[in-house]
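Student: Following this message is one structure expressed as structure tokens.
The values are calculated or read from the model by the stated rules, or taken from the named source; none is laboratory data. Note that the structure is predicted; figures quoted are calculated from it, not measured. With ideal geometry, Cβ positions are generated from the backbone for all residues, glycine too; neighbour counts draw on all protein chains shown. Just so you know, the surface numbers come from the protein's heavy atoms only, side chains and all, with ligands and any DNA or RNA stripped out. Shrake-Rupley method; radii C 1.70, N 1.55, O 1.52, S 1.80 Å.
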Amino acid sequence: MQNRRTFLKQGIRAIVMIGAGNALQSFTASTFRLPAKEEVLLRFAIVSDGHYGQPSTEYEALHNQMVNWLNAEQKSRGIDFTCINGDLFHNDSAMMPLVKQQWDKLQMPYHVSHGNHDMTDEENWQQMFTTKWHYSFEQNDVAFIVLNSADETGKYICPDLDFAKEALNKYADKKHLFVFMHITPFGWTGAGLPCPELVAMFNRQQNLKAVFHGHDHDQDGMKENEGRHYFFDSHVAGNWGTDYHGYRVVEVLKNGKVLTYQMNPSGRQQVNSTTVA
């Protein structure tokens, strides 16, 4: 395990690289090319699993690092918003205002989803983040649905199916629809919770471009079911997972395609990419 001095040096070096110009171009492999900025309709980032307050972890330094990386993205290629997709803090609700102070340092709007380690009731959550556990929003004529997958004790639960059905119907005419939910509704990672009724709704939703998950810190790729794409984004902090701390970027293009890629900023590389038609 790297010591604190090495960790901070790596973080500073990566931040300098990001600020040096078009960060992602300098990070990526020679076979990966970003579209021109003028071809992008909407660009957003996804992070998850900060576990702010988890004992024996460098959660404060890791949050500072991630905020700096995302703000550098904002300055270079631009980010319309960031979604923090669950497990913002680690069990203790006293950490909730402290982690909010961290994410408030972002230089772009952000949205949150509720995770199993975000152990507080919905009323407290709403008072802190101004949204319920289930909600939706639109930006640049693109629709987003946020679903909850855990109760206040951390028990895994399937999202509210009535809300999901109503929201999916509401946005059926949108060209692009995305879903954020912390826990995957499949058993394929070993840490998911199968929700077959919800999955059946997703399968019927023709404009659903992608579902984004956190929770599985060791997952940073894509899984597919019935033509629907489910993506993961590594982790911000916590004491397990991929050997790097990363984030996912999504670029909705004006030609109708969606490009998404996972970033390892400390390694100065793009880990994987998927284009959804």
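Student: Yes or no: E166 touching a helix residue (DSSP H, G or I) at 6+ places or on another chain (Cβ under 8 Å), free of Cβ contacts under 8 Å to residues at least 60 places away in the same chain and of a type in the set (D, E)?
Tutor: Values: touching a helix residue (DSSP H, G or I) at 6+ places or on another chain (Cβ under 8 Å): no; free of Cβ contacts under 8 Å to residues at least 60 places away in the same chain: yes; of a type in the set (D, E): yes.
Criteria not met by E166.
Matching residues to (1) among the aliphatic types (A, V, I, L, M); (2) open to solvent by 40 Å² or more (accessible area, probe 1.4 Å); (3) in a helix (DSSP H, G or I):
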| residue | (1), (2), (3) |
| --- | --- |
| M108 | yes, no, no |
| D118 | no, no, no |
| T131 | no, no, no |
| F137 | no, no, no |
| T153 | no, yes, no |
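Student: Answer yes if at least one residue in the range 219-238 is more than 24 Å from A277 (Cα to Cα) and acidic (D, E), and no otherwise.
Tutor: Looking through the range 219-238, none of the residues is more than 24 Å from A277 (Cα to Cα) and acidic (D, E).
Student: Looking for something crowded, with 24+ Cβ neighbours inside 10 Å, modelled with pLDDT of 95 or more and on the phi > 0 side of the Ramachandran plot - is there at least one such residue anywhere in the range 194-213?
Tutor: no
Student: While we're on this one: Hey, could you check the range 181-193 for residues that are at pLDDT 95 or above and of a type outside the set (A, V, I, L, M, F, W, C) and say which is farthest from the chain's Cα centre (by Cα)?
Tutor: Filtering the range 181-193 for residues that are at pLDDT 95 or above and of a type outside the set (A, V, I, L, M, F, W, C), the one farthest from the chain's Cα centre (by Cα) comes out as G187.
Student: Now, a different point. Out of all the residues in the range 139-150, is one or more more than 28 Å from K209 (Cβ to Cβ), crowded, with 23+ Cβ neighbours inside 10 Å and either in contact with a Leu (Cβ under 9 Å, 6 or more places away or on another chain) or modelled with pLDDT of 95 or more (or both)?
Tutor: Kept after step one, since they are more than 28 Å from K209 (Cβ to Cβ), are these residues of the range 139-150: none.
No, the range 139-150 contains no residue that is more than 28 Å from K209 (Cβ to Cβ), crowded, with 23+ Cβ neighbours inside 10 Å and either in contact with a Leu (Cβ under 9 Å, 6 or more places away or on another chain) or modelled with pLDDT of 95 or more (or both).
Student: For the range 158-173, which residues satisfy the criterion of being crowded, with 16+ Cβ neighbours inside 10 Å and over 13 Å from Y135 (Cα atoms)?
Tutor: Once the filter is applied, which keeps residues that are crowded, with 16+ Cβ neighbours inside 10 Å and over 13 Å from Y135 (Cα atoms), the range 158-173 yields only C158.
Student: Let me ask you something else. With respect to F232, determine if the residue is buried (at least 17 other Cβ atoms within 10 Å of the Cβ) and closer than 14 Å to T189 by Cα. Break it down into steps so the answer makes sense when it comes.
Tutor: Numbers: buried (at least 17 other Cβ atoms within 10 Å of the Cβ): yes; closer than 14 Å to T189 by Cα: yes.
Yes.
Student: Next up: Just to check your reading of the model, which residue among K209, K257 is without any contact (Cβ under 8 Å) to a residue 24 or more places away in the chain, over 14 Å from the mean Cα position of the chain (by Cα) and under 21 Å from F81 (Cβ atoms)? I'd like the intermediate steps shown before the answer.
Tutor: Working: K209 fails: without any contact (Cβ under 8 Å) to a residue 24 or more places away in the chain.
Sole residue among the options that is without any contact (Cβ under 8 Å) to a residue 24 or more places away in the chain, over 14 Å from the mean Cα position of the chain (by Cα) and under 21 Å from F81 (Cβ atoms): K257.
Student: Does the range 155-187 hold any residues that are under 17 Å from A210 (Cβ atoms) and part of a loop (DSSP other than H, G, I, E, B), and which are they?
Tutor: Passing the criteria: P159, Y171, A172, K174, K175, H176, H182, I183, T184, P185, F186.
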